[in-house]
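To keep things clear, I will list the structure first and then write my remarks on it.
No value in this document is a laboratory result; all are computed from the given coordinates. Being a predicted model, the structure only gives us computed values, none of them experimental. Methodologically, a virtual Cβ is constructed for each residue, glycine included, from the backbone with ideal geometry; neighbour enumeration extends over all protein chains shown.
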Amino acid sequence: MKRTPEPELMETMEQAEAYDQADFSEAHGKRVDLFRERYGRELAGAVLDIGCGSGDILERFAKKFPKASFIGVDGSEPMLELSRRRMAKAGLSKRMNFVRAFIPSDDVPKQDYSVIMSHSLLHHLHEPSVLWNTVKQLAGKNTFIFVADLRRPISEKDVARIVEERSGEEPEVLKQDFYNSLCAAFTAEEIEAQLKQAGLKLKIEEVGDIHVLVYGAL
């Protein structure tokens, strides 16, 4: 199945709230565990989350790693507003800084990051090189990279089945977004080619039937 790009941003509050209200507790909780297993040590210092969305994963990381501080970057103001509300409610605002930016951008703070991560952003990008070039530009010598995303199924029939199995009870706007995202996702082979072009030597790991991890220290 050929890739079908989707809009890069969730620009309406309706989309953002539908996404935020969906139950990602199992998948997002597992994401933190996958990171811990691959990072292999205590996380401290600054963490950059590119495409932080509504902040659910960011909140989970902040609770799990109390010695770290976080910068969340997103191009969608509705998503950033939901992130700010979430962190205020959780009492985590003092360890958070949010920046509205469209990568590549000079607005993303340049500093010594312990970790640069991104969750479910890659498939939104019409040109994936902007993510890998941003990572390459901002990462230091010992920065650990952790990128997690969807990977594209073999056929549209598989996409429809996965959407129904995993989000059959969700609002229609979310089901359509999920369908579009699966069609827009990259395969592991395509990501491997992207990394080679960017000059990044990172590990690629397929997880489950629809996810892929890209990780490692530069």
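Brief remarks on what is shown
- R0 of 45 Å, Cβ-Cβ distance Ile204-Ala88: FRET efficiency to nearest 0.05: 0.80
- The chain, relative contact order in percent, only Cα pairs under 8 angstrom and at least six apart counted: 23 percent
- As a proxy for reagent exposure, Met1, Met117, Met87 were ordered by neighbouring Cβ count within 10 angstrom, fewest first; the result is Met1, Met87, Met117.
- Karplus (6.51, -1.76, 1.60) ³J(HN,Hα), θ = phi - 60°, over the stretch 47-55, in Hz, Gly and Pro reported as x: 10, 9, 10, 8, x, 6, x, 7, x
- Beta-bridge orientation, the chain: approximately 35 percent antiparallel, per DSSP, counting only bridges with both partners inside.
- Volume in Å³ per residue [convex hull over Cα atoms, computed for the stretch 54-144]: 97 Å³
- Translational diffusion coefficient of the stretch 157-218 (Stokes-Einstein, Kirkwood radius from Cα pairs, 4 °C, 1.567 mPa s): 98 µm²/s.
- Pairwise Cα distances in the chain exceed 33 Å in 9 percent of cases.
- Nonlocal Lys pairs with alpha-carbon distance under 17 Å, the stretch 24-104 (8 or more apart, or different chains): 7
- Under the Karplus curve 6.51 cos²θ - 1.76 cosθ + 1.60, θ = phi - 60°, whole-Hz ³J(HN,Hα) for the stretch 145-154, x wherever Gly or Pro sits: 9, 9, 10, 10, 7, 6, 10, 6, x, 6
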